[in-house]
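What follows is a single structure, written as structure tokens, with notes after it.
The values are calculated or read from the model by the stated rules, or taken from the named source; none is laboratory data. Note that the structure is predicted; figures quoted are calculated from it, not measured. Note: ideal-geometry Cβ built from the backbone for every residue, glycine included; neighbour counts use all protein chains shown.
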Amino acid sequence: MSELLRNVPLYLVLLAALVNLVRRQWIVNLAALTVQFLFLFPIVRLILPLELALIQPFTGLMVTLILYLTLMNVGGIEPGNLKRRPSSGEIFRGLSGLLLLAMLYTFLPSLQREVFPLVPGDHLYLSIGLILLGLMQLGTIREPFYLSIGILTFLSGFQLLYYALDYSFLLEALLVAVNLLLAIVGAYFIVKNAESNEA
């Protein structure tokens, strides 16, 4: 039972990444992105000291706030309609994401043994799962907001994997800057896309 409770943040982060892959509702996606960044903290805290582990959720919340303010500016935030039936595209993306995670779970022991022997199994599963879900999101959508979420999800997985292998203050500062710059670039393209749709 304690093992299950210890893995709750891992499942919540993967569930949030799956929601962002499947659903195409801005308010739902922003909420899922917030959950994804917040629940990375207890996982990162197992590896890094508290003051360093706090950087990850703080940066994530700043990124989410940038995207939220941009969407508010272009009038894209609408009340969430959770009762809406899923489309065939959403069902396809959901099943594809679950299949990817199931395949990763199957090959995880050999991947850990051959490539990442120093990374704990749960940590490796989460980091590579986020990388795969982020890549799938990048390959299934063209809208700037969802592309930004895909890149941020991919980068979160990469950061987690890197934390388990090594830690560098310089690279951490670089990754924080990259996260914030990606949010700003994403905000720019969201505004440009909204302007082109109005024209």
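Brief remarks on what is shown
- Qualifying residue in the stretch 111-122 (condition: part of a helix (DSSP H, G or I) and either modelled with pLDDT of 90 or more or in contact with a His (Cβ under 8 Å, 6 or more places away or on another chain) (or both)): no
- If the condition is being in contact with a Pro (Cβ under 8 Å, 6 or more places away or on another chain) and closer than 13 Å to LEU67 by Cβ, then the stretch 153-187 contributes only GLY186.
- Hits in the stretch 49-78 - residues which are surrounded by 16 or more Cβ atoms within 10 Å (Cβ to Cβ) and under 19 Å from PRO120 (Cβ atoms): ALA53, GLN56
- Filtered by the rule that a residue be aliphatic (A, V, I, L, M) and either outside any loop (DSSP other than H, G, I, E, B) or touching a His at 6+ places or on another chain (Cβ under 6 Å) (or both), the stretch 127-145 gives ILE128, LEU130, ILE131, LEU132, LEU133, LEU135, MET136, LEU138.
- Residues of the stretch 156-199 satisfying the condition of being over 21 Å from the mean Cα position of the chain (by Cα), aliphatic (A, V, I, L, M) and within 25 Å of SER127 (Cβ to Cβ): LEU170
- Failed condition for VAL28, given (1) at pLDDT 90 or above; (2) aliphatic (A, V, I, L, M); (3) under 20 Å from LEU133 (Cβ atoms): (1)
- Here SER127, SER110, SER148 are screened, and the one residue that is in contact with a helix residue (DSSP H, G or I) (Cβ under 9 Å, 6 or more places away or on another chain), more than 21 Å from GLY89 (Cα to Cα) and small (Gly, Ala, Ser) is SER127.
- Test: residue in the stretch 126-136 that is surrounded by fewer than 16 Cβ atoms within 10 Å (Cβ to Cβ) and either of a type outside the set (Asp, Glu) or closer than 22 Å to VAL19 by Cβ (or both): no
- Considering residues of the stretch 36-45 that are part of a helix (DSSP H, G or I) and of a type outside the set (A, V, I, L, M) only, the residue surrounded by the most Cβ atoms within 10 Å (Cβ to Cβ): GLN36
- Looking at LEU48, LEU33, LEU52, just one residue is assigned to a loop (DSSP other than H, G, I, E, B) and touching a residue at least 60 places away in the same chain (Cβ under 8 Å), and that residue is LEU48.
- Residue match in the stretch 2-23 (condition: basic (Lys, Arg) and part of a helix (DSSP H, G or I)): yes
- Residue in the stretch 162-173 that is at pLDDT 85 or above and buried (at least 16 other Cβ atoms within 10 Å of the Cβ) present: no
- Qualifying positions in the stretch 146-186 - in a helix (DSSP H, G or I), under 21 Å from PRO42 (Cβ atoms), in contact (Cβ under 8 Å) with a residue 24 or more places away in the chain and of a type in the set (Ser, Thr, Tyr): THR153, SER156, TYR163
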